[in-house]
Amino acid sequence: MNFDFSDQEKLIRDQTGRFLGDNCKSEEVRRVLEGNDSYARELWSGLANMGLMATAIPEAYGGVGGGYLGLCVIAEQLGAHLAPVPMSSSIYLAAEAITLYGDESQKETWLPKLATGETIGTLAAVETVQEMTPESINVESDGKTISGTKLIVPDGGIADIAVVLARSTDGLSMFIVDLNEGAVSRTNVDTVDPSKNSASITFNGAPAELLGEAGNGWSMLQDIYDRAAVLFAFEQIGGAQKVLDMAVDYAKQRFAFGRPIGSFQGLKHMMADMYVALKLAESNCFYAAWALANNAADLSTAAATARVSATQAFQLCSRDNIQVHGGMGFTWEVDCHLFYRRSNYLTLVLGGLSVWENRLIESLSASKAA
């Protein structure tokens, strides 16, 4: 199929890229990474003023109603600039969950606040360092409160609300919890990328409100993850393109034995592999963006394909970018490690590469059986 973003979507991408280029330089990323703040607050406010968080939220609930394609190109630029902001957890996960499954009261209460960035949201599901399964969920709810601990919640230390997967009398269900209402404790968790906040959250009988149909929580989670995976994949190809550009620029400028190192065959092959991996991922991401925007029947397959290929591309490019830079690539002063950190963080945030490879296999098998 032929697919490309519209002129309007390309304009959004360019404007987002220019804003981030001016306001999200590596110094800002390092400031958050080094613990001087939990996220880039002024950058977050700037993104809100541009209306970027509101892009895919319906107009009836304070959003722009611009659709998912605009959000995809925004995600690409956030990934390219390593933006240390809670866009993924607040918009790809929490806002999407409420948009898909919330009742009118829940949408009217939370979506306008998420759209302006006034409220930061997250999704709390994981309770094990192993692959998550329905049996691994032990956080419990009596329908009105929640008790138990969620591990490594993305932006869990700074979020105001959480969509929480919990076990109820009806089975696994989703609940909205106001994290500022008490009966909640949080512990920040150190990860490979400190520029992205992570925390464990313990609920001690915290007030909770059912989201969607009781007992349908696991199916809801898989749907939310499929949709978020497309956006995470765009962040990953944005980062992969940036490190490929870094590697090529350095290879042109760095000389050894009187020649630019980019003329050496070993580095040529390395950068060619980076380019091929990126373009494969980009092609898969474009199709997944179309599938997401059109709620296509094969969205699950498209999302898993994009997620797997984008994960592989970003990991390969960020790793080999260090190699192209040689000894300098391993130093704190050079930015290579910032992208390597983010590539590993993004790999794990929705489940590791093997999880999505298995999802892809299952999706393809189900399609073949049908």
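Some observations on this one:
Yes/no per residue for (1) over 25 Å from PRO194 (Cα atoms); (2) in the same structural domain as PHE232 (by TED's automatic domain parsing); (3) surrounded by 20 or more Cβ atoms within 10 Å (Cβ to Cβ); (4) among the hydroxyl-bearing types (Ser, Thr, Tyr):
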| residue | (1), (2), (3), (4) |
| --- | --- |
| ASN2 | yes, no, no, no |
| LEU11 | yes, no, no, no |
| THR16 | no, no, yes, yes |
| ALA56 | yes, no, yes, no |
| GLN77 | no, no, yes, no |
| TYR92 | no, no, yes, yes |
| ILE98 | yes, no, yes, no |
| GLY102 | yes, no, yes, no |
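- Residues satisfying the stated conditions in region 277-317, i.e. basic (Lys, Arg) and either within 14 Å of ASP226 (Cα to Cα) or within 18 Å of the chain's Cα centre (by Cα) (or both): ARG307
- The residues in region 27-40 that are within 20 Å of the chain's Cα centre (by Cα) and exposed (fewer than 14 other Cβ atoms within 10 Å of the Cβ) can be counted, and the count is 0.
- Any chance ALA277 is buried (at least 17 other Cβ atoms within 10 Å of the Cβ), within 30 Å of THR128 (Cβ to Cβ) and touching a residue at least 24 places away in the same chain (Cβ under 8 Å): no
- Residue within region 104-119 that is in contact with a Lys or Arg (Cβ under 9 Å, 6 or more places away or on another chain), assigned to a loop (DSSP other than H, G, I, E, B) and farther than 22 Å from THR169 by Cα present: yes
- Filter result for GLY70 (farther than 19 Å from ALA115 by Cα, buried (at least 18 other Cβ atoms within 10 Å of the Cβ) and not assigned by TED's automatic domain parsing to the domain that holds GLN236): no
- Residue list for region 353-368, filter: within 21 Å of the chain's Cα centre (by Cα) and without any contact (Cβ under 8 Å) to a residue 60 or more places away in the chain: LEU353, GLU357, ASN358, ARG359, LEU360
- Pairs, first not assigned by TED's automatic domain parsing to the domain that holds ASP193 and part of a loop (DSSP other than H, G, I, E, B) in region 327-352, second at pLDDT 95 or above and of a type in the set (A, V, I, L, M), C-beta under 8 Å, six or more apart: ASP335/MET246; LEU350/ALA228; LEU350/ALA229
- When each of ASP298, ASP335, ASP320 is tested for being farther than 19 Å from GLU9 by Cβ, among the acidic types (Asp, Glu) and surrounded by fewer than 18 Cβ atoms within 10 Å (Cβ to Cβ), the lone residue that passes is ASP298.
- Filter result for VAL85 (farther than 23 Å from ALA124 by Cα and not assigned by TED's automatic domain parsing to the domain that holds ASP223): no
The values are calculated or read from the model by the stated rules, or taken from the named source; none is laboratory data. Only a predicted model underlies this, so the values are computations on that prediction, with no experimental measurement involved. FYI the Cβ positions are ideal-geometry reconstructions off the backbone, even for glycines, and counts take in every protein chain you see.
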